[in-house]
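*Asks:* Okay, here's the structure, questions in a sec.
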Amino acid sequence: MRQFSSKATFLYKRVFPIAWFGIVGLVAVVIVPVILAGRAPLFMLLPLAMMSLIGYVIMRLLLFDLVDAAYLDDHYIIIRNKGVEERIAIQDVVNVNATVMTNPERITLTLRTP
């Protein structure tokens, strides 16, 4: 069995979002007392809200729907996602689309049956 999914998927799906929102939260914890003390205007929270919103939307579009691992067996593709394993016969794959100009690269399979 040969893995053809990225070994960095765990970093993309789990570590990066925690780091992103952790940094935004840490900056918010530092900025909020300054705003409450009246030394900074309230609109200083706007960039943090925008970073959170845009970060979530981009992660939802590009990261959260990635599978955890994909393996190629002799006549099957084995997909693992959130503890569930699915075996797909290669003959059931109708079309393969690949994106190469995005990070992470993405392969989308179209199957005969859902």
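*Asks:* Assuming residue 37 fulfils every condition listed in (1) surrounded by 11 or more Cβ atoms within 10 Å (Cβ to Cβ); (2) more than 22 Å from residue 108 (Cβ to Cβ) apart from one, which condition is it?
*Replies:* (1)
*Asks:* Can you spot a residue in segment 80-91 that is surrounded by 11 or more Cβ atoms within 10 Å (Cβ to Cβ), within 10 Å of the chain's Cα centre (by Cα), modelled with pLDDT of 90 or more and hydrophobic (A, V, I, L, M, F, W, C)?
*Replies:* For segment 80-91, residues surrounded by 11 or more Cβ atoms within 10 Å (Cβ to Cβ), within 10 Å of the chain's Cα centre (by Cα), modelled with pLDDT of 90 or more and hydrophobic (A, V, I, L, M, F, W, C): absent.
*Asks:* Taking the conditions exactly as written (touching a residue at least 12 places away in the same chain (Cβ under 8 Å), in contact with a Ser or Thr (Cβ under 9 Å, 6 or more places away or on another chain) and surrounded by 13 or more Cβ atoms within 10 Å (Cβ to Cβ)), does residue 45 satisfy them or not?
*Replies:* Answer is no for this residue.
*Asks:* Just give me the residues in segment 58-79 being more than 21 Å from the chain's Cα centre (by Cα) and without any contact (Cβ under 8 Å) to a residue 12 or more places away in the chain, in sequence order.
*Replies:* Residue satisfying the conditions is 74 alone.
*Asks:* Tell me, which residue of segment 1-34 that is without any contact (Cβ under 8 Å) to a residue 12 or more places away in the chain and either among the basic types (Lys, Arg) or surrounded by 14 or more Cβ atoms within 10 Å (Cβ to Cβ) (or both) is farthest from residue 90 (Cα to Cα)?
*Replies:* At the first step, the residues of segment 1-34 found to be without any contact (Cβ under 8 Å) to a residue 12 or more places away in the chain are 7, 11, 14-15, 18-19, 22-23, 25-26, 29-30, 33-34.
Right, trim to either among the basic types (Lys, Arg) or surrounded by 14 or more Cβ atoms within 10 Å (Cβ to Cβ) (or both) and you get 7, 14.
Working: 7: 22, 14: 29 Å.
Among those that are without any contact (Cβ under 8 Å) to a residue 12 or more places away in the chain and either among the basic types (Lys, Arg) or surrounded by 14 or more Cβ atoms within 10 Å (Cβ to Cβ) (or both), it is 14.
The values are calculated or read from the model by the stated rules, or taken from the named source; none is laboratory data. Given the structure is predicted, the values throughout are model-derived calculations rather than measurements. Methodologically, a virtual Cβ is constructed for each residue, glycine included, from the backbone with ideal geometry; neighbour enumeration extends over all protein chains shown.
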